[in-house]
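In what follows, a single structure is set out as structure tokens and then discussed.
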Amino acid sequence: MERKTPLISPEDLRRQAEISEYIKGWWQSQGVTPVAYVETYGCQQNEADSEQIRGLLERCGYGFTDSAEGADLVIVNTCAIREHAAQRVFGNVGALVHTKRRHPGQKIFVCGCMMGKPEISERMKKSYPHVDGIFSPHHLWELPEQLYRVLIRHRKAYAVEDSAGAIAEGLPLVRTNKLKAWVSIMYGCNNFCSYCIVPYVRGRERSRLPEDILAECRGLIAEGYKELTLLGQNVNSYGKDLGSGVDFADLIAQVAELPGEFTVRFMTSHPRDASHKLFDTMASHEKIAKQFHLPFQSGNDRILKEMNRHYDRARYLELIDYGRRLMPDIVFTSDVIVGFPGETEEEFEDTISLIEQVRFEALFTFIYSPRPGTPAAAMPDPTPKEEKNRRFDRLLAVQNAISEEKHRALIGKTLRVLVDGKDGELLTARTDGGRLVRLEGDDALIGQFINVTITDATTWSLVGSVAP
Ligand code: SAH
Ligand code: SF4
Ligand code: F3S
């Protein structure tokens with residue numbers, strides 16, 4: 001099979017690098033070191049994109065600040081997954097009118113998933129004249145050129161044309177964390193779950209080459225990174241577009257076999273494509289964290305079908321069983337949607353019973369939010385909002401009790417953790433399963449894998465002390 005995904009050509013990338021140098025020189029000639037503020041909404045994919053945005057900006061001479069106030073450049077990286085997220089973005093971009101008034105040289109760009117929807121980018125363009133530039137996720141790599149247009153040519157910049165997407169290798173990155181790194185292994189999504197906007201705004205699935213991913217991981221390990229998270233909307237279909245014979249299980253095995261002391265995690269998996277082979281690979285590689293985020297969305301087969309998820313409850317439970325048989329301590333987390341159009345009380349109870357059966361460590365819970373243009377948004381939805389809120393609260397109560405019980409069961413156990421930072425006076429750490437532990441200890445422990453004994457637990461986190 002031939003590779004379908006176009007790569008951005010080295011010439012195109014070189015041109016962007018040259019423009020970056022020009023912009024850097026332009027600022028230098030004015031004796032100014034410009035600062036940029038990058039505001040990120042949404043998922044890890046967007047966090048990873050913002051690291052590339054910072055990388056591109058650094059090449060253009062920018063330093064960074066953590067507030068829009070006084071910044072020479074503000075970039076808002078948006079999320080379109082739910083209506084609420086989109087509303088917040090409109091509110092916050094609107095408020096930038098004031099920071100720009102106080103700092104008239106300020107330039108404002110809006111990018112990310114919301115800008116992948118033509119109706120939304122059009123509205124941003126029309127209603128917010130203080131916004132200087134708009135680009136969709138497909139056009140991120142062209143940021144230097146757009147900045148040039150705004151800064152030096154005093155024009156507006158719009159790069160939102162639709163495309164299936166390409167891959168730009170070798171873009172610079174400024175990572176926010178020194179211990180934990182996101183590694184995007186693929187982009188886009190082909191699943192078209194009926195409620196979801198992601199495939200419309202991020203284009204088709206396309207995978208990076210294994211050698212490019214491994215080279216990035218090798219570099220990160222050499223720099224001292226201790227935790228690598230392989231990222232994609234559906235990592236289990238990694239490589240299908242490459243036809244190279246390397247699937248996700250093969251890829252993560254190759255990462256885990258790199259020399260050095262580190263952990264590798266991944267997200268997100270789709271139950272349709274999650275394979276026994278992946279569980280086998282996890283079980284046989286110590287460096288792969290025993291944590292699996294496997295969104296189930298609903299416990300009812302009719303709803304799963306309406307959601308276009310291509311698995312049923314039995315298949316989902318079988319996967320969980322298989323994983324637990326191989327790795328009794330594996331930590332499962334998941335995403336669930338309450339109040340999908342037409343969900344009945346009985347169908348909702350199937351979701352509750354699945355949660356009680358699986359007993360997840362933690363759940364990310366969402367009330368269904370209609371996204372214009374998706375099939376589910378056109379489905380009849382007679383359930384009143386109050387009823388959906390009631391279901392949501394009930395689900396949370398069930399899950400919170402389970403999370404707390406599971407955490408309390410760890411009291412007295414000794415677990416290996418990576419100490420990753422500080423929260424007030426206490427150190428913070430993550431277990432192999434991804435649970436948060438707070439503990440007393442010397443700052444010098446940050447960045448080390450150590451054993452801790454768990455002394456207390458809450459719904460959300462654990463308390464521990466350094467094991468002797
Ligand atoms: N690619 C990942 C998840 C991406 S979005 C996956 O398929 O698992 C993260 C979560 O947001 C989804 O798992 C889903 O639970 C939720 N979500 C997506 N669209 C939504 C919508 N329209 N309303 C409510 N929740 C939604
Ligand atoms: Fe959305 Fe489904 Fe793709 Fe996840 S797999 S991003 S929920 S369409
Ligand atoms: Fe949001 Fe885009 Fe992620 S819509 S959840 S930022 S892929």
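Where a number appears in this text, it was derived from the coordinates with a stated rule and is not lab data. Nothing here was measured: the structure is a model prediction, and the numbers come from that model. As a convention, Cβ positions derive from the backbone with ideal geometry for all residues, glycine included, and neighbour counts pool all protein chains shown.
Points to keep in mind about this one:
- Pairs of Cα atoms nearer than 8 Å and 6+ residues apart set the relative contact order; for the chain it is 10 percent.
- Taken one residue at a time, the phi angles of the stretch 152-157 give Karplus couplings (6.51, -1.76, 1.60, θ = phi - 60°) of 9, 8, 6, 10, 8, 10 Hz. Gly and Pro are set to x.
- Estimated inter-spin distance, residue 305 and residue 250, nm [label 7 Å along Cα→Cβ]: 3.6 nm
- Placed amide H near residue 291: partners under 5 Å, 5+ positions off or other chain: 331
- Cβ crowding within 10 Å averaged over residues, with 346-354, 48-56, 180-188 ranked highest first: 180-188, 48-56, 346-354
- Spin-label pair residue 377/residue 327, simplified geometry with 7 Å Cα→Cβ offset, distance in nm: 3.7 nm
- Positive contributions from Lys and Arg (+1) and negative ones from Asp and Glu (-1), summed over other residues with Cβ under 13 Å from the Cβ of residue 47, come out at 0.
- Put a dot 7 Å past the Cα of residue 212, heading toward its Cβ, do the same for residue 64, and the two dots end up 2.2 nm apart.
- Across the stretch 10-159, the relative contact order, built from alpha-carbon pairs under 8 Å that are at least six residues apart, equals 23 percent.
- Gyration tensor over alpha-carbon atoms, the stretch 10-159, equivalent ellipsoid semi-axes in Å: 23, 18, 14
- Distant-in-sequence amide contacts of residue 285, defined by a placed amide H-H separation under 5 Å and a gap of 5 or more residues or a different chain, comprise nothing.
- Residues with amide H under 5 Å from that of residue 422, placed H, sequence gap 5 or more: 428
- Computed lengthening from residue 346 to residue 385, 0.36 nm per intervening residue step minus Cα-Cα distance: 12.3 nm
- Put a plus charge on the Cβ of each Lys and Arg, a minus charge on the Cβ of each Asp and Glu, and nothing anywhere else: the dipole of the chain about its Cα centre is then about 1000 debye.
- Listed residue pairs exceeding 24 Å between alpha carbons, taken from 117/385; 24/422; 126/385; 156/178; 178/422: 117/385; 24/422; 126/385; 156/178
- Using distinct alpha-carbon pairs, which all enter the 1/r mean, Kirkwood radius of the chain in Å: 23.8 Å
- Gyration tensor (alpha-carbon) shape descriptor, the stretch 355-468, a/c threshold 1.5: prolate
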